[in-house]
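Read the structure below first, then the notes.
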Amino acid sequence: MNLIHRHIFANVVLTCGAAVGMFAFVLMIGNSLKDLLPLILAGQLAPDMVVRLILLMVPFVLAYALPMGMLTGILLVLGRMSSDHEVTALRAAGVSVASLSAPILFLALVGVVVTALINFQFMPVTRLTQQRELAEAVRQNPLSFIVPKTFIRDFPDRVIYVGEKNGDVLKDIWIWELDRQKRVVNSGRAASGRIDFDGVNNKLILALNQLQAEVHDRKDPEDTAKIHSGGASDQATFDLPLDKITGERVVKMKLKWYTFPQLIAEWRRRLHQPDPKLTPAEQKQELMRVQITIHEKFATAFSVLSLALIAIPLGIKASRKETSANLGIGLALTLAYYFATIVVGWFDNSPALRPDLLMWLPNLTFQSLGMWMFYKVDRA
C-alpha cells in the first residue's frame, strides 16, 4: 500500500506543480500587462526594476494559482489512471476510494497551510514592497512623464503634447492651459524646447523656443470665434509641479496587504476604539470589512481542500484521456468557486447579513458536493 501511495503522491505533486506554474505564469503576465506595461512603454521603469517587480508578484499570484493548480493536477492524474484502468485494478484488489485518496488529501492539507502562509504573510509583505518600489521608481525618473506622441494629462492645469523627444530636447510641442472646468483658456505651439527637472522644488521646467500663443475668451473659452492671437515669443518657460502626480503614487495601505498580526490589531482597534467621526452603522461596516478580509484569506486557503475533494471523485469518474477536457472542467469549477466568493463580497456593506461568515459558503458547498460524490463513486 505504501508503494501505491508513493506512486500516486509523486504523480500528483509533479502534475500539480506544473499546473500551478502554468496558472501562476498566466496570472503574472496578466497582472504585469495591467500594472507595469503603461510604465514600461513610457520608459519610467528600468529593465532590472521590471524583473524585480514581476518577481514580487509571485506570492500574490500563487495564492490564486494553488487552488486552480491543485484541482487541475488531480483531475489530470486520476483521469489518466482511470482511463488506463489503474483505478479499476486497485479497487478490484480491495483498495477503497478513501485509501486511494489519502496521499492526495494529505497534499491538499499541505496546500491549505502553504496558501494560508502566503495569504497572511508573504503576499502582504511582497505586494506592499512591490507597490512602494513601483512608486519610488516613477518618482526617481521624473523626465519620463513627458512621453512623445501622447497627450499628457498628468498635470492639474495643463495638457501637453510632444512630437519628438531626444533626452531632454523636445520638438513640435503643444501646450494647453485649462481652467477649473478643464476648458482651454490659453494654448500655444513651439517648434522646439527643453525639459529639465528641479529636484529642490519637485517640478519640471519646460523651456520653449519660438512659441506661438493663442488666447481664448475667459467667459466663453469654447467659442472658437473669440480666440485671438497671443503673440509670439522667442523663449518662454513653464513650471510643471510634480507634487500632485508623485503624491498620487503614495501607496495607500489596503486591508488585503495586512499581515495576520496587523489584521488582528486593526480589528481590535476598530472594535474598541471606533472612529468617532463615523456613525454607528459606518463603524460596523468598517469593522465588518476587517472581518471579511480575515475570513476571506482563511477561506481561500481552505479552497485548496474543497477543490481537491471535488477533483478526486470527478477525476476517477471522468475516465478520459483528453487533457483539454479535464483542464476545462478544472477551470469551470474554479471560476464557479471564485464567482461565488465575489458575490458574497458584494454584501460587505450589510453587516447584518454576516458576509464574513458567508465567505465560507462556497467552501461548505464544494466540500458537501465532494463528499456526496465520494459516496457515489465508492458505491459504484
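Looking at the chain as a GNM with Cα springs under 10 Å, which of Met253, Met359, Met57 has the largest mean-square fluctuation?
Largest GNM mean-square fluctuation: Met253.
Given a Förster distance of 25 Å, report the FRET efficiency between Glu133 and Tyr338 from their Cβ-Cβ distance, rounded to the nearest 0.05.
0.35
Expected output is a single nm value to one decimal: the length gained when fully extending between Leu353 and Lys182, i.e. 0.36 nm times separation in residues minus the C-alpha distance. What is it?
Once the chain is fully extended between Leu353 and Lys182, it gains 57.2 nm.
Under the 0.36 nm per residue contour assumption, what length would be gained going from the current alpha-carbon distance of Val95 and Ile54 to full extension?
Difference between extended and current length: 10.2 nm.
Out of Asn2, Val159, Met28, whose Cα points farthest toward the positive end of the dipole of region 1-160 (charges: +1 Lys, Arg; -1 Asp, Glu; placed on Cβ)?
Val159
Using label points projected 7 Å from each Cα along Cα→Cβ, tell me how many nm separate Trp174 and Leu33, to one decimal.
A separation of 3.0 nm, rounded to one decimal place.
Residue farthest toward the positive end of the dipole of region 145-247, with Cβ of Lys/Arg at +1 and Asp/Glu at -1: which of Ser187, Thr237, Pro148?
Pro148
Please list, by residue number, every one of the chymotrypsin sites (Phe, Trp or Tyr not before Pro) in region 47-155 that is coil in DSSP and has at most 16 other beta-carbon atoms within 10 Å.
Passing both the DSSP loop test and the Cβ count: no residue.
Using only C-alpha atoms and all pairs of different ones, pull out the Kirkwood radius for region 145-247 in Å with one decimal.
About 14.1 Å, per the Kirkwood formula over Cα pairs.
If you place +1 on the Cβ of every Lys and Arg and -1 on the Cβ of every Asp and Glu, how big does the dipole about the Cα centre of region 259-380 come out, in debye to the nearest 20?
In total the dipole reaches around 280 debye.
Given 0.36 nm per residue, what is the gain on full extension from Phe9 to Asp239 after removing their alpha carbon distance, in nm?
So the chain would gain 76.3 nm between Phe9 and Asp239.
We did not get these values from a lab; they are worked out from the coordinates using the rules stated. Note that the structure is a prediction, hence the values are computed from the model and not measured. Cβ coordinates were reconstructed from backbone atoms using ideal geometry, including for glycine residues, and neighbour counts include every protein chain displayed.
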